[in-house]
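**Q** This is the structure I want to talk about, given as structure tokens.
The values are calculated or read from the model by the stated rules, or taken from the named source; none is laboratory data. All figures in this text were calculated on a predicted structure; none of them were measured in a lab. Ideal geometry is used to build each Cβ from the backbone, glycine not excepted, and the neighbour counts take in all protein chains shown. What goes into the accessible areas is simple: the full protein's heavy atoms, side chains included, and nothing from ligands, DNA or RNA. Shrake-Rupley method; radii C 1.70, N 1.55, O 1.52, S 1.80 Å.
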Amino acid sequence: MTFDELKEKAHSLPLKPGVYIMQDAGSTVIYVGKAKALKNRVSQYFQDSAGHTEKTRAMISQIDHFDVIIADSEFEALVLECALIKRHQPRYNILLKDSKGYPYIRLSKEAYPRFSLAAKPAEDGARYFGPYAGRRETQGIIDALRSALRLPACNKKFPRDIGKERPCLNFHMGKCDGYCRSDAMAEDHAQAVAQAVSLLEGRFREVQAELTAEMERAAEELRFEGAAQLRDRLRAIELLGKRQKVIAGSLADTDVTGFFRGTAKSCFVVLHYVEGELAAKDFDLLDTPMEEDQGAVLSSLVREYYVDRTRLPKQILLPWELPDQVPLTRMLSEQTGHRVELVTPQRGAKMDLIRLANRNAQEEVLRATTREERQNKLLEVLGRMLALERAPGRMESFDISNTGSSDIVASMVVYVDGRPLKRDYRRFKLKDMKGPDDYASMEQVLIRRFRRYLDGDEKFAEKPDLLLIDGGHEHVKVAARVLAELGLDIPAYGMVKDDRHRTRALVHPDGREIGIQAVPAVFALIGQIQEETHRFAIEYHRQLQAGHVKVSTLDSIPGVGEKRRTQLLKHFKTLKAIKAATLEELQAAVPRNTAQAVYQYFHRET
């Protein structure tokens, strides 16, 4: 279907709740979404693209046709959307990388039973426990069981391999009781397995009481080494009990969710609390979502994480409100058979837990990405937002500062690979200005900068990949005209400010605005560049007003630029001394032609 046909079909949809399914030319489902009113929601995709996020523009370019399914309510649309996302795994929906179903713990049926991970139960005579939250957490429980109860983790088969080899390293490290040494230990192995089963079935107090009694008996019999081993095992089992409870989910009191949006990667964190104590942490790293609505992002992550789990905590704390919080609460409650509350705290102890979860998410992202990776990803995102052929390696930003017809100055700030390159900063004193005129000032500065580039001036030898002009549409139009007249193909954008003097968008010379607030890292970078450019211009302007840079007279002398002026002031210290100097004294500081021009300027009457 053509774009106009897609738009016409969208406008013909009913104002009813439902699900829409976007497909590409090969009929592959690329996005699934829900809506309270299908016509309003789907029509937004086929309107002016200026307000779309980067992801939405990319998705729309792939849409060949779409289908809709009408539902009776927003709740039914939510349930249907979750089922379709799980089935099709669309590339433009937010998907957790560790979404692998819900595994079980398998206890084999043999003389020396072993615990292992299983995707699903089978009719093989073995016992199965679960399902659990994820493969990583479930394997962690198995490892903790083996460690706490000192069960074997090697590949030996018992009783076949008993006595054939010396005990492995686990025995010498105290992680295994060494059942390979003698078949007389079969009863001990059976007892440890029985304790493990009790733990998996939630009978922690029974195991604790049994081990406590055994530990006290060993102490009374002066078997202090054995008592110490039992004490350590008891502590390990107490920790395991809390962890197993929370991974199973049925006895968890509260889950605290956190999210951090990084430049290259983002992280979704869930902290599990049992009886007020942190028992476990789960997290998923994912490519940073391009959606601008953080509520929509979190809603997708919460659904991905919790939907289809049969056991859930009583309360889930969220860092911010979800757009579909009411129907999602109902769906999770019906799914698990008890009331599940979704709560967004604003202050107090619960808000402190949210901050902790968010901080954990940030730390995971920082560990997973280097500074260079984050910076490269940031510039790639900026390049895609501005439809550049490649990420902008060198960016130059320009600003004008004045307090009237005199002391009109401009600054040029340079960022390379996302960081300021101060040795390439330049500042300009505007010449022959009849009064304050930002457009004429910007035109003069850009002409001077790029003519020196075309003339091969080594101070302006680098060509930027992107120009950022401090100003709106008219300012960047001036820049585009100057570049065109000089025959230079350099993309230029204006930095549009909000009421608080912060850059809220970038504007193209044709008037199109590209919002940057949807991507915090880009927003922060552009804001930093704007502030640095403004600071550099104001700093130079204040120096002129304070008289620290003597330009009012020296700059009027032909042949005296910034370099010669600096040399003269460094040598003579004051303007008065320069006026009083002889021609020979001036030649000691600057070349002869400059010295003669200065001498003649101050001795015109003579």
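**Q** Which cross-chain or sequence-distant (5 or more) residues have an amide H under 5 Å from the amide H of residue 65, H modelled 1.01 Å from N in plane?
**A** 23
**Q** Now for a different question. Using a 1.4 angstrom probe on the protein heavy atoms only, line up 231, 451 by accessible area, largest first.
**A** Numbers: 231 95, 451 130 Å².
Result of the area sort, largest leading: 451, 231.
**Q** Here's something else I'd like to know. Sort 120, 431 by accessible area with a 1.4 Å probe, largest first. Before the final figure, lay out each step's value.
**A** Details: 120 150, 431 125 Å².
Result of the area sort, largest leading: 120, 431.
**Q** Still on this structure, I have one more. Applying the Karplus parametrisation 6.51 cos²θ - 1.76 cosθ + 1.60 with θ = phi - 60° to the phi angles of the stretch 18-28, what ³J(HN,Hα) value in whole Hz is obtained for each residue in order, glycine and proline being reported as x?
**A** My calculation for the stretch 18-28 gives x, 10, 10, 10, 8, 10, 8, 5, x, 6, 7 Hz in order.
**Q** Using a 10 Å cut-off on Cβ atoms, rank the peptides 483-489, 382-388 from the highest mean neighbour count down. List each step's numbers first, then the result.
**A** Values: 483-489: 12.3, 382-388: 16.9.
In descending order of packing, they fall as 382-388, 483-489.
**Q** Kindly flag which residue pairs out of 429/459; 422/563; 36/281 have an alpha-carbon separation exceeding 25 Å in this structure.
**A** Details: 429/459 16 Å; 422/563 18 Å; 36/281 35 Å.
Those over the limit are 36/281.
**Q** Shifting gears a bit: Using a simple spin-label model with points 7 Å from Cα along the Cα→Cβ vector, what separation in nm is obtained for residue 439 and residue 576?
**A** A separation of 4.6 nm, rounded to one decimal place.
**Q** Let me check I've understood the local charge: for residue 322, count other residues with C-beta under 11 angstrom from its C-beta, Lys and Arg +1, Asp and Glu -1. What total comes out?
**A** Values: positive: 303; negative: 293, 321, 324.
Surrounding charge for residue 322 is -2.
**Q** Could I ask something else about it? Residue by residue through the stretch 80-94, what is 3J(HN,Hα) from phi via Karplus (6.51 cos²θ - 1.76 cosθ + 1.60, θ = phi - 60°)? Round to whole Hz and write x for glycine and proline.
**A** So the J values, rounded to whole Hz, are 5, 4, 4, 5, 5, 5, 4, 6, 9, 6, x, 5, 9, 8, 6.
**Q** Return a whole-number percent for the relative contact order of the chain, with Cα pairs under 8 Å and 6 or more residues apart as the contact set. Could the numbers behind the result be given before it?
**A** Values: 995 pairs, mean separation 49.1, N = 606.
It comes to 8 percent, rounded to a whole number.
**Q** Using the 2.2 N^0.38 Å rule of thumb for compact globular proteins, work out how the stretch 464-588 stacks up: its C-alpha Rg over that value, please. Present the calculation step by step, with values, prior to reporting the outcome.
**A** Working: Rg = 20.6 Å, N = 125, 2.2 N^0.38 = 13.8 Å.
Taking N as the residue count of the stretch 464-588, the ratio is 1.50.
**Q** Go through 194-201, 362-369 and give me the packing order, highest mean Cβ count within 10 Å leading.
**A** On the way: 194-201: 18.9, 362-369: 16.5.
Result, highest mean first: 194-201, 362-369.
**Q** Further, regarding this structure: For the stretch 303-383, what is the convex hull volume of the alpha-carbon atoms per residue, in Å³?
**A** Numbers: hull volume 11.7 nm³, N = 81.
Residue-normalised Cα hull volume stands at 144 Å³.
**Q** In 10 Å bins starting at 0, how do the alpha-carbon pair distances of the stretch 102-185 split up by percent?
**A** 17, 43, 31, 9
**Q** How much net charge surrounds residue 74 when only the other residues with a Cβ under 9 Å from the Cβ of residue 74 are counted, with Lys and Arg +1 and Asp and Glu -1? Show your work: numbers first, answer last.
**A** Numbers: positive: 34, 36; negative: 76, 324.
Summing Lys and Arg as +1 and Asp and Glu as -1 gives 0.
**Q** Can you list the residues, at least 5 places off or on another chain, whose amide H is less than 5 Å from the amide H of residue 341, using H built in the peptide plane?
**A** Distant-sequence amide H within range of residue 341: 315, 316.
**Q** Then there is this: Round to the nearest 0.05 the FRET efficiency obtained for residue 517 and residue 473 when R0 = 22 Å and r is the Cβ-Cβ distance.
**A** Working: r = 18 Å, r/R0 = 0.84.
With a Förster radius of 22 Å, E is 0.75.
**Q** Please report the orientation-averaged projected area of the stretch 409-451, defined via the convex hull of its C-alpha atoms, in nm².
**A** Working: hull surface 14.2 nm².
Approximately 3.6 nm², given one-decimal rounding.
**Q** Can you figure out the FRET efficiency of residue 208 with residue 384, using R₀ = 56 Å and their beta-carbon distance, to the nearest 0.05? Before the final figure, lay out each step's value.
**A** On the way: r = 57 Å, r/R0 = 1.02.
E between residue 208 and residue 384, to the nearest 0.05, is 0.45.
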